[in-house]
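First up is the structure itself, then whatever we jot down about it.
Read-outs: derived from the displayed coordinates by stated rules, not from any lab. Keep in mind that what you see is a predicted model, and the values were worked out from it rather than measured. Reconstructed Cβ throughout: ideal geometry from the backbone, glycine too, with neighbour counts over all protein chains shown.
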């Protein structure tokens, strides 16, 4: 049988704990250092996760930039290829245009003979071939003179101010490929001078 508790430091003689006596179990604040470690580990993992997310965002933006640059490069190459094709078309067209010029010269004295009709058919076919490739003959006569479309090789004095700087005649036609002049024409331009006052 157990006798009365004689430890006067912690218990009353009847066995009840004494007020203000030190407790045997550690307080909440006296937790061992192992208990605080999981909180530090969680915050460290959260920081690493946030850094990984930022890195993924940077890489995704980098990939988008590379894809955009690649698309821009492809478009630039495509435009350059189309431009080179247009230049080559223009060079091939120059030969056809010169042939048409020669046929036009031979048809200047068209006598209606079967030979002249055959030459006209060939000329018309060549013009159709040019038109099918986007090459058109520019109408110049009667329009204001445009130095980008034609070269003024002759000037004629005119009596009407309305004919000033207008194309009066065409010595060589101008041709354009999709709006870009590939061969300028040669034209006669009107020049109006006011009559001298007496």
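Sorting 121, 126 by the number of Cβ atoms found within 10 Å of their own Cβ, with the fewest placed first, yields 121, 126.
I'd like the distance between the alpha-carbon centres of region 133-180 and region 72-105, rounded to an integer number of Å. Computed from Cα coordinates, the inter-centre distance equals 22 Å. Give, to the nearest whole percent, the P(r) tail of region 136-198 beyond 14 angstrom, counting all Cα pairs. Result: 53 percent of Cα pairs exceed 14 Å.
Residue-normalised convex hull volume from the C-alpha trace of region 46-198: 183 Å³ per residue.
If you bin all the Cα-Cα distances of region 35-133 at 10 Å, starting from zero, the percentages per bin are 12, 19, 13, 11, 10, 9, 8, 7, 6, 4, 2, 0.
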